[in-house]
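Everything below concerns the one structure shown next.
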Amino acid sequence: MTSFYLTKGLIVRMEGQEWELLRTTTKHCFLESIRDGDLRELTIEDFLTAKEAGVIEVIPSAASPNEIRFLPKAPWIDISLLPPEKRRRARKLLAVVNGLRKAGITRGQRKHIKEWLDRAAASSEFDFKLPGVSTAWKWLKAYEERGYSAYSVLGTTPSIRSKRTCGESECLAKEVIADQFLTMEAPSVAACYETYKTRAKALNRRSVEEGLMLIRPMSLSTFRRRVGDLDFFERTAARKGRQRAIHDTRMIRGHRTKVAPLEVAEIDHSALNCIVLDDLNWLPLGRPYLTAIRDAGTGMVLGLYISFNHGGARAIFACIKHSLRAHTYVAKRWGDKILNPWPSFGLATKYATDRGRDFIGDALPLALQHLGSDIETNAARTPWGKPSIERFFKTLDESLFETMPGKTFASLKDRSEYKPEQDAVVRFSTLVYLIHKWAVDYHNIQPNSRSLISPLDHWNALIGDCPPPYVIDLERIDAVFGEPHEGALSQEGLRFRYLNYADPEGRLGELRRKYEKITLQFKVNPDDLGRIYVMDPETFALFPVPCTRPDYADGLTLFQHDYLRKVCRERLNRHEAVDLLLEARASLIQTIQDELTQKQKVQRREQRARVADLNSQSVLEGEDQSLSALTARPGSTALTSEIEEDEPEFTSAPPMTWGTL
């Protein structure tokens with residue numbers, strides 16, 4: 001219904017009930033309730049105002065003295081968007097209907113309809129064949145009954161095509177589709193059709209024996225149409241799983257509103273498609289993992305962490321810790337090799353993550369809430385929930401690693417016979433530099449293809465009006481991001497995995513003298529076992545407690561400690577544990593020295609890289625990232641391979657081209 005007349009018989013809905021218009025004057029209209037006969041007088045101005053505001057709704061209907069017939073509501077159809085054939089048909093039908101209405105002919109005047117059609121056929125006004133009297137009468141009737149809508153003349157009643165197959169054949173097809181086609185084995189339509197024909201033949205043989213009517217099997221094309229009539233979501237869910245069906249039928253709910261910098265930060269891990277070399281020995285170590293944080297509003301990179309830990313909570317906390325510190329180290333570490341500033345750092349209001357095991361635990365949400373932030377976890381297998389960081393990894397792979405020697409592939413199928421470890425020339429510390437160089441001098445200054453503004457300019461434009469929060473005490477970050485544990489306080493202090501932590505002159509000594517038996521909560525920094533952070537049972541404040549064997553624990557990571565415990569597991573006992581672990585730590589030097597001189601798989605060296613704790617933070621602190629250099633304790637002799645004096649600080653690999661800086 002495209003229009004209505006404010007005349008007697010108009011039906012409207014108002015205040016939850018239907019009203020009929022009885023009569024109108026020049027300024028007023030009078031309505032009667034169909035339900036209880038109440039009368040209501042409204043000015044025409046108030047009626048139209050209420051109609052525009054949605055308080056009064058006009059109902060398609062046809063009223064007579066005997067009955068009120070409610071008409072179906074016509075859908076909203078724009079003829080200009082229909083296919084050309086239907087547009088031509090609509091214009092043809094509307095020309096006939098409008099011609100009859102201009103002549104003042106109604107649908108009940110069949111004689112006048114015939115006369116008008118004869119006159120129109122004799123004239124040259126219409127360039128198409130005119131319909132018969134009955135057809136023109138049907139068009140005019142549909143046009144009037146359906147509220148004078150062009151939709152009425154399109155022949156909206158669907159043509160019902162009689163199925164030439166019998167009911168038994170249709171039931172058999174549905175049975176085969178349900179039993180064979182809608183399964184996780186996902187057979188083809190042709191294979192299911194063969195099953196259908198086999199069952200149909202068996203059914204006809206039984207029908208012949210029992211003297212019943214035979215069924216006529218449908219053709220393959222008909223069987224395909226029956227499969228095509230199935231709901232796409234249910235069909236995909238039955239054959240490929242519900243998650244795949246959600247993925248294939250997804251529709252975005254709208255983009256996340258981005259108002260201020262650090263309002264939402266996206267974080268994720270990814271394996272880098274590049275084989276890197278040991279800094280000192282030039283042997284391939286494997287594929288490192290990158291953990292990155294990107295501001296969803298401006299696109300600026302906030303933090304980076306590269307290691308061989310395959311992600312995990314430690315990589316997440318190290319990356320967040322890196323994003324909370326000012327990136328002034330870039331100029332100190334690499335000088336004028338980095339051309340642009342990197343001003344983006346600080347605490348985000350919310351961190352968007354996927355449903356990885358290291359993201360959905362209690363450690364990350366509790367740590368972020370302690371800092372005054374929160375976490376937003378996307379649904380499973382919905383990477384489009386954090387598109388900014390997903391696109392970051394794709395751009396990094398395409399622009400930096402595409403032509404780099406030693407590039408590998410995520411899929412073994414794509415790798416074919418190519419052996420990237422034979423062509424690798426980039427050392428680990430060089431990779432750290434290249435990724436920082438790419439992030440600062442390419443990614444942060446590359447204009448967005450839609451907004452035509454670079455992330456750096458976007459950040460600088462908004463940061464003045466929306467200053468981000470910064471963490472007051474960065475030294476407490478190690479305690480906040482530590483692993484929670486508990487232990488009983490004894491004469492040895494607190495014990496954690498064969499390591500003792502005691503401070504007789506400090507707060508821990510006071511608690512030992514005050515309580516006979518007490519269990520204390522403490523946190524362990526996985527990056528440094530040299531100290532733990534104990535919670536005071538009275539004030540709930542954290543205070544540091546050093547390890548009683550700093551010669552072993554200082555700078556030792558939890559992963560390295562667990563590895564050493566595994567190596568000498570059979571000889572460990574309570575009293576000589578640390579000495580044995582210290583010997584095991586020293587013996588790793590000779591072990592790695594022997595293994596470096598042998599041919600071994602890259603995967604094994606990658607495992608050794610995890611033990612040696614090769615990571616980007618150590619590179620930023622100026623340390624060589626080598627298997628032989630990092631496993632030696634202070635004072636021991638490590639396997640070293642001197643770099644020639646004329647060798648530049650970074651590898652002599654050819655420069656990578658990722659765009660004009």
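The values are calculated or read from the model by the stated rules, or taken from the named source; none is laboratory data. Only a predicted model underlies this, so the values are computations on that prediction, with no experimental measurement involved. Heads up, the Cβs are rebuilt from the backbone with ideal geometry, glycines too, and the neighbour counts pull from every protein chain shown. The protein model used for the area step is the full one, side chains on, heavy atoms only, and it has no ligands, DNA or RNA in it. Shrake-Rupley method; radii C 1.70, N 1.55, O 1.52, S 1.80 Å.
A few points about this structure:
- Of everything in segment 307-317 that is open to solvent by 10 Å² or more (accessible area, probe 1.4 Å) and hydrophobic (A, V, I, L, M, F, W, C), the residue that is modelled with the lowest pLDDT is Ala313.
- Looking across segment 443-467, the residues that are within 25 Å of the chain's Cα centre (by Cα) and buried (at least 18 other Cβ atoms within 10 Å of the Cβ) come down to His443, Asn444, Gln446, Ser454, Pro455, Leu456, His458, Trp459.
- The number of residues in segment 184-225 being at positive phi and either aliphatic (A, V, I, L, M) or open to solvent by less than 40 Å² (accessible area, probe 1.4 Å) (or both) comes to 1.
- Neighbours by Cβ (under 8 Å, 6+ apart or cross-chain): first from segment 327-340, under 19 Å from Leu302 (Cβ atoms) and of a type in the set (S, T, N, Q); second open to solvent by 30 Å² or more (accessible area, probe 1.4 Å) and not in a helix (DSSP H, G or I): Asn340/Ile445
- No other residue among Leu272, Leu304, Leu290, Leu262 is in contact with a Lys or Arg (Cβ under 8 Å, 6 or more places away or on another chain), among the aliphatic types (A, V, I, L, M), within 24 Å of Phe481 (Cβ to Cβ) and open to solvent by less than 10 Å² (accessible area, probe 1.4 Å) apart from Leu272.
- Residue among Ile518, Ile472, Ile477 that alone is touching a residue at least 40 places away in the same chain (Cβ under 8 Å) and either open to solvent by less than 10 Å² (accessible area, probe 1.4 Å) or under 47 Å from the mean Cα position of the chain (by Cα) (or both): Ile477
- The number of residues in segment 466-520 that are hydroxyl-bearing (Ser, Thr, Tyr), farther than 20 Å from Phe559 by Cβ and out of contact with any strand residue (DSSP E or B) (no Cβ under 7 Å at 6 or more places or on another chain) comes to 3.
- Only residues that are hydrophobic (A, V, I, L, M, F, W, C) and either modelled with pLDDT of 85 or more or crowded, with 19+ Cβ neighbours inside 10 Å (or both) were counted across segment 123-136, and they come to 3.
- Pairing residues of segment 100-122 that are open to solvent by 90 Å² or more (accessible area, probe 1.4 Å) with residues that are not aliphatic (A, V, I, L, M), at Cβ distances under 8 Å and at least 6 apart in sequence or on separate chains, gives Arg110/Trp137.
- Any hit, segment 158-171, residues being assigned to a loop (DSSP other than H, G, I, E, B), modelled with pLDDT of 80 or more and in contact with a Leu (Cβ under 8 Å, 6 or more places away or on another chain): no
- Filter pass, Lys407 being under 30 Å from Arg427 (Cβ atoms), in contact with a helix residue (DSSP H, G or I) (Cβ under 7 Å, 6 or more places away or on another chain) and modelled with pLDDT under 85: yes
- Members of segment 318-331 that are open to solvent by less than 20 Å² (accessible area, probe 1.4 Å) and closer than 21 Å to Arg427 by Cβ: Ala318, His322, Val330
- Among residues that are small (Gly, Ala, Ser), surrounded by 12 or more Cβ atoms within 10 Å (Cβ to Cβ), under 30 Å from Gly356 (Cα atoms) and at pLDDT below 90, Ala237 is not included.
- Residue in segment 42-56 that is part of a strand (DSSP E or B), open to solvent by less than 80 Å² (accessible area, probe 1.4 Å), of a type outside the set (Lys, Arg) and at pLDDT below 85 present: no
- Pick from segment 524-547, criterion outside any loop (DSSP other than H, G, I, E, B) and touching a Pro at 6+ places or on another chain (Cβ under 7 Å), ranking: surrounded by the fewest Cβ atoms within 10 Å (Cβ to Cβ): Arg531
- When restricted to residues that are among the basic types (Lys, Arg), within 25 Å of Ile472 (Cβ to Cβ) and modelled with pLDDT of 85 or more, segment 318-355 contains 3.
- Taking the criterion of being in contact (Cβ under 8 Å) with a residue 24 or more places away in the chain, under 49 Å from the mean Cα position of the chain (by Cα) and open to solvent by 60 Å² or more (accessible area, probe 1.4 Å), the residues of segment 482-515 that qualify are Glu483, Pro484, Glu486, Ala488, Arg497, Tyr498, Arg507.
- Condition check for Glu475: at pLDDT below 80 and either among the hydrophobic types (A, V, I, L, M, F, W, C) or over 30 Å from His247 (Cα atoms) (or both): yes
- Lone unmet requirement of (1) of a type outside the set (Ser, Thr, Tyr); (2) open to solvent by 50 Å² or more (accessible area, probe 1.4 Å); (3) touching an Asp or Glu at 6+ places or on another chain (Cβ under 9 Å); (4) closer than 19 Å to Tyr289 by Cβ for Arg381: (4)
- Tabulated pairs, segment 434-445, first aromatic (Phe, Trp, Tyr), second part of a helix (DSSP H, G or I) and crowded, with 21+ Cβ neighbours inside 10 Å, C-beta under 9 angstrom, 6+ apart or interchain: Trp438/Leu396
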